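What follows is a single structure, written as structure tokens, with notes after it.
The values are calculated or read from the model by the stated rules, or taken from the named source; none is laboratory data. Everything quoted here is computed from the prediction, not taken from an experiment. A quick note on method: Cβ atoms are made from the backbone with ideal geometry, for glycine too, and the neighbour counts reach across all protein chains shown. Keep in mind that these areas ignore ligands, DNA and RNA; they rest on the heavy atoms of the full protein, side chains included. Shrake-Rupley method; radii C 1.70, N 1.55, O 1.52, S 1.80 Å.
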Amino acid sequence: GAGVSQSPRYKVAKRGQDVALRCDPISGHVSLFWYQQALGQGPEFLTYFQNEAQLDKSGLPSDRFFAERPEGSVSTLKIQRTQQEDSAVYLCASSLALTGSFGYTFGSGTRLTVV
Amino acid sequence: SQQGEEDPQALSIQEGENATMNCSYKTSINNLQWYRQNSGRGLVHLILIRSNEREKHSGRLRVTLDTSKKSSSLLITASRAADTASYFCATDDRASGANSKLTFGKGITLSVRP
């Protein structure tokens, strides 16, 4: 596609519910990132994929967070047993390059609200 | 953790004026990037400056980088109301290597009054 597509655009979850957030990167982009952005803050790194390999998951805040990219294209970020502190915008970004040498293309994000 | 720190936190100017935003960071970097975010939207890549560059231009944007001071500035000339947005600096840390990731600052809110 022309850009990075994320769905759903908005998600309201009851505390304790599991959620799955989807990211469709630009076709052919090798690198894919997930970021979490709290209200009024900058994005915080969660995890990084190079094709289907998850090379860095150091930013995932707990073992309730899980990400996958099984075929090296679409990625899913799953949050189990959601808590109120998980409320944030979840941003996906992709890049053609293996490194950050040319900038990243971000999706519009999924705004998760846990009630 | 957030490496970049932007200054000021908020900036309000009149249309046509120039806007200068500053960013400081802590570690050695491969490059530094500036992004814009309109309310409720994703980030848009504006400009990237590599660690061996000192200045770069793109349209009405001018970015400088001083690696000795670990700082960067973004200048938007002849601002327009449409430039109203949040601006973030992000560093691609040298230590990340092949596992590249960006570390963002908290952002600057720019308001351009018509």
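In this structure, the pairs whose alpha-carbon distance is over 27 Å, taken from A:K78/B:K101; A:K57/B:K69; B:K26/B:K56, are A:K57/B:K69. Here chain A is treated with +1 on each Lys and Arg Cβ and -1 on each Asp and Glu Cβ, and its dipole about the Cα centre works out to around 400 debye. Its relative contact order, with pairs defined as Cα atoms under 8 Å and 6+ residues apart, puts chain A at 37 percent.
Please give the FRET efficiency for B:L75 paired with B:E5, using the beta carbon to beta carbon distance and R0 = 22 Å, rounded to the nearest 0.05. That gives a FRET efficiency of 0.75.
Restricting the calculation to Cα atoms, the protein assembly as shown shows an Rg/Rh of 0.97 when the hydrodynamic-style radius is the Kirkwood one.
Taking every alpha-carbon pair under 8 Å whose residues sit at least 6 apart, chain B reaches a relative contact order of 39 percent.
Looking at segment B:5-113, the accessible area is 46 square angstrom per residue; that uses a 1.4 Å probe and ignores ligands, DNA and RNA. Here's the list of aspartates and glutamates a cross-link from A:K11 could span, going by alpha-carbon distance under 14 Å and ignoring same-chain residues fewer than 8 apart: A:D86. Taking the convex hull of the alpha carbon positions in segment B:5-113 and averaging its projected area over all directions gives 6.5 nm².
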